[in-house]
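The values are calculated or read from the model by the stated rules, or taken from the named source; none is laboratory data. Only a predicted model underlies this, so the values are computations on that prediction, with no experimental measurement involved. Reconstructed Cβ throughout: ideal geometry from the backbone, glycine too, with neighbour counts over all protein chains shown.
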Amino acid sequence: MPNVNSRRRFLQTAGVAAITGLGATSMYAQNTKNKIVGVSCSPRKGKTTATAVQIALDAAAAVNSNIETEMIDLGGKTVYGWTPPDRKISDDFESILPALKSPDLTGIIIGTPVYFRNMSSLCAAFLERLTILRKPQLLLADKAVGVLSVGGYRNGGQEMAIQQIHTAMLCHEVMIVGGKPGAHQGATLWNAYEDDITKDEFGIESAKKLGTRVAEAVLSLNT
Ligand SMILES: Cc1cc2nc3c(=O)[nH]c(=O)nc-3n(C[C@H](O)[C@H](O)[C@H](O)COP(=O)(O)O)c2cc1C
């Protein structure tokens, strides 16, 4: 029995089908891709947060062949926080917007390093800029969103940083999900091995549990 999401997607595709003359069933079948975008919000490109997000995405992709993933590493990119429209700014945010506006987008995994028990300022800036996806329409509504964080201390504030991102994303009417049991809040990683996050076995397991759970949520919301 299709749920609200799948009915919504069906109606969208049926509308296109009516215009193009294609049968709605075939359009529906073509439009069942599920895209999960991972966003790493560490200023350090390719470091522990990016590795953890990629591991979560790989676990998500392993759940079902209908799941596509895309990685956005904000490391090395410039993203300013929200700025009044009359002040023209130029940064890299526009280049990442298409992935977030993709009609196939059904899930997002956000990763942040823990900075002073909080998310990074790059992550806060990224979240502020998502304002553009709220009006006139809540474009991220009903997307499954899971979060991970990497701290330099074992108990460095990972869960607090995750919770802050959850709270911000609730403003988009997203479906917040945690990870599979053992990673209830999301994935919590410890950068204790000189940037080789793969040595944090517990943390890596939690990243996989997060990716798996986001994939499961995406499938249950959209089939
Ligand atoms: C400004 C700053 C503040 C930090 N504050 C914390 C903290 O409160 N708790 C913690 O566990 N780690 C803290 N760290 C360590 C980082 O979270 C950790 O090194 C993380 O792996 C960095 O992610 P990255 O490898 O993706 O850059 C801090 C690092 C910086 C640069």
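Tabulated data
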{"item": "Any hit, the range 138-146, residues being more than 14 Å from the ligand (Cβ to nearest atom) and over 15 Å from the mean Cα position of the chain (by Cα)", "result": "yes"}
{"item": "Some residue of the range 93-110 being free of Cβ contacts under 8 Å to residues at least 24 places away in the same chain and under 30 Å from T223 (Cβ atoms)", "result": "yes"}
{"item": "Residue check, K208 assigned to a helix (DSSP H, G or I) and either within 16 Å of the ligand (Cβ to nearest atom) or over 17 Å from L105 (Cβ atoms) (or both)", "result": "yes"}
{"item": "Qualifying positions in the range 102-119 - assigned to a loop (DSSP other than H, G, I, E, B), surrounded by fewer than 24 Cβ atoms within 10 Å (Cβ to Cβ) and within 14 Å of the ligand (Cβ to nearest atom)", "result": "F116, R117"}
{"item": "Single condition L122 does not satisfy, out of (1) at pLDDT 95 or above; (2) away from the ligand (no atom under 12 Å from the Cβ); (3) more than 20 Å from H184 (Cα to Cα)", "result": "(2)"}
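So that you can scan it fast, the table gives a plain yes or no per residue for (1) at pLDDT 95 or above; (2) more than 16 Å from the ligand (Cβ to nearest atom); (3) not in a helix (DSSP H, G or I):
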residue: T13; (1), (2), (3): no, yes, no
residue: T25; (1), (2), (3): no, yes, no
residue: K35; (1), (2), (3): yes, yes, yes
residue: V39; (1), (2), (3): yes, no, yes
residue: A56; (1), (2), (3): yes, no, no
residue: P85; (1), (2), (3): no, yes, yes
residue: I96; (1), (2), (3): yes, yes, no
residue: L100; (1), (2), (3): yes, yes, no
